[in-house]
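Down below is the structure, laid out as C-alpha cells.
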Ligand SMILES: Cc1cc2nc3c(=O)[nH]c(=O)nc-3n(C[C@H](O)[C@H](O)[C@H](O)COP(=O)(O)OP(=O)(O)OC[C@H]3O[C@@H](n4cnc5c(N)ncnc54)[C@H](O)[C@@H]3O)c2cc1C
C-alpha cells in the first residue's frame, strides 16, 4: 500500500486526501492550525454564524459540482444581481431571465443604461458553455480594459463593475486579470452564489468527513517544517517530513504539499505568487423588525469603498442569526487603519445615506474578521507564472489555489489534479 502525506488541511488538501484514500492509498493529512478548512472557516458564538470574511460558493463551479454534495450543504442562494447604492439612491440590477421579479426594476435602472444591459446579455451568450481552458486562453488584460473593449460605459464600470468585481477580486481598481472576470461572470450566469445554512465551514467539514470515511487520518495542530525527497526520481525515492515539536520525522512514499503559497515555497523551494490581497469584514446586527427590503441582494457602494459592500446575510441565510435579530456584513478591501468602533460608524453612515427612511442607531457590532491573506494577486497574465503540481523534485506534488487561480473552484480542482498525479506515478 502506498503511504501518502498531505500537508495542509484547506480545501485542496482535503480533496487530495479524500481522493487518494478512496483510491486505496494510506493517507495522513497534517494541518498546522487547530481547525481544518484553511481560508474557509466560520465561527459560531451560540447566536450568530460568522464566516471568516464574506465569501460565497459559486454553484456553477465545476469542481464544486464534482467534489461536493451540494444538496447536503443545504445552500442558501442569493438572488441574482445587486442593489447599487449611493447617498439618497438605490437601484436594482438583476438578471431578468433568472430573476423575473426584478425585471422591471432592472430595466428601469438608471445607473446602468439599456445599451450596457444589452451588452451584459451579449457577454452571457459569448461566454456560455466555454471551458475553463478557453476562458483563460489567449492574451490577457485587466478587467477594466476588457470592459472598455467590450463597449461598456464608464457609468456601468463605476456604478456596478468597480464595487461588484472589486469585491470578487478584492481590487476595486479592476486591474486584475480579465480571465478571472470572464470565468466568474460565466459562473454567475450559469448558477447562483450561496452560503451553506451552517456557514462556509460546512464545505471543509463535508470534505473532511468524506476523507475520514475513506480511512484518511486527519491531524490538526501538527505543522510540517520540512519536506525532503530522498531522490529526484519520483518513482524510486521517498519523502521525509519533519513535524514540529515532539513528533520528529516520518517517511512516506509521496507527499502532496497543499498549503498556502508562501508555506509551499518554504517547503519545496518552488516559486509561488508572493503578492497577496486581504479584506476586513465586520458583522452587525439589527432588530428583526428592521426590514430593509433588500430581497437578500448585495448592497454595492457606488460612491466610495468604505465599505465596499454590505450583505444582508440573514435575509438569505436566516440560520446565521437568532430569530429576534438580523445579521449584516460589511466588507472593506484591505485592512483599514480603523478600529471596530470607527468601522461601525462608517457602516452606519453608509447605511443611513442609502436608506434615509431608516435609522441605524440600533445597529450593533457583533464580530470583525481582518483577513491579511484572502487571495493572491492576479494581475493580467498571472497564470503563466503559476507552478504546476509536478514542479517539485521527487515524489512531492503541489495542490492549492495558487496552481490555478484564487478561488474555491481552483483549490478543489487542484486537490483532484494532485491526487491524480500521485496515483499515476505511484499507483496505490
Ligand atoms: C475573505 C475571503 C473571501 C474569499 N472569497 C471567495 C469567494 O467568494 N469565492 C471563492 O471562490 N473564493 C474565495 N476566496 C478564496 C478561497 O477561499 C481560497 O482560494 C481557497 O479556500 C484556498 O484553499 P487552499 O486549500 O488552496 O488553501 P488554504 O485555504 O490557504 O489552505 C492551506 C492550509 O495549509 C495549512 N498550512 C500552511 N502551512 C502549513 C504547514 N507548514 N504545515 C501544515 N499545514 C500548513 C494552512 O493552515 C491552511 O489550513 C476567499 C478567501 C477569503 C479568505
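Since every read-out is calculated from the coordinates, none of them should be taken as a lab result. Since the structure is predicted, the reported quantities are computational estimates derived from the model, not experimental observations. Cβ coordinates were reconstructed from backbone atoms using ideal geometry, including for glycine residues, and neighbour counts include every protein chain displayed.
Structure values in brief
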item	result
For the chain, calculated [θ]222 nm from helices alone, where every DSSP H run of n ≥ 4 adds -39500 (n - 2.57)	-9000 deg cm²/dmol
Inter-label distance, nm, simple model (7 Å from Cα along the C-beta direction), residue 352/residue 212	4.8
Folded to 0 to 90 degrees: helix 114-127 orientation relative to the chain principal axis, Cα	20
Inter-site label distance for residue 34 and residue 274 at 7 Å from Cα along Cβ, in nm	3.3
Residue 324-residue 173 FRET efficiency (beta carbon distance; Förster radius 45 Å; 0.05 resolution)	0.65
For segment 126-177 and segment 182-255, distance of Cα centres in Å	31
Length gained when the stretch residue 22-residue 124 is fully extended (0.36 nm per residue, less Cα-Cα span)	33.0 nm
Using a Förster distance of 35 Å, the FRET efficiency for residue 288-residue 428 (Cβ separation, nearest 0.05)	0.05
Length released on extending from residue 247 to residue 221, taking residue separation times 0.36 nm less the Cα-Cα span	8.2 nm
Residue-span extension gain [residue 197 to residue 150] - 0.36 nm each, minus C-alpha spacing	13.2 nm
Antiparallel DSSP beta bridges within the chain, as percent of all bridges there, nearest 5	70
Pairwise FRET efficiency - residue 89 versus residue 266, Cβ, R0 = 41 Å, nearest 0.05	0.25
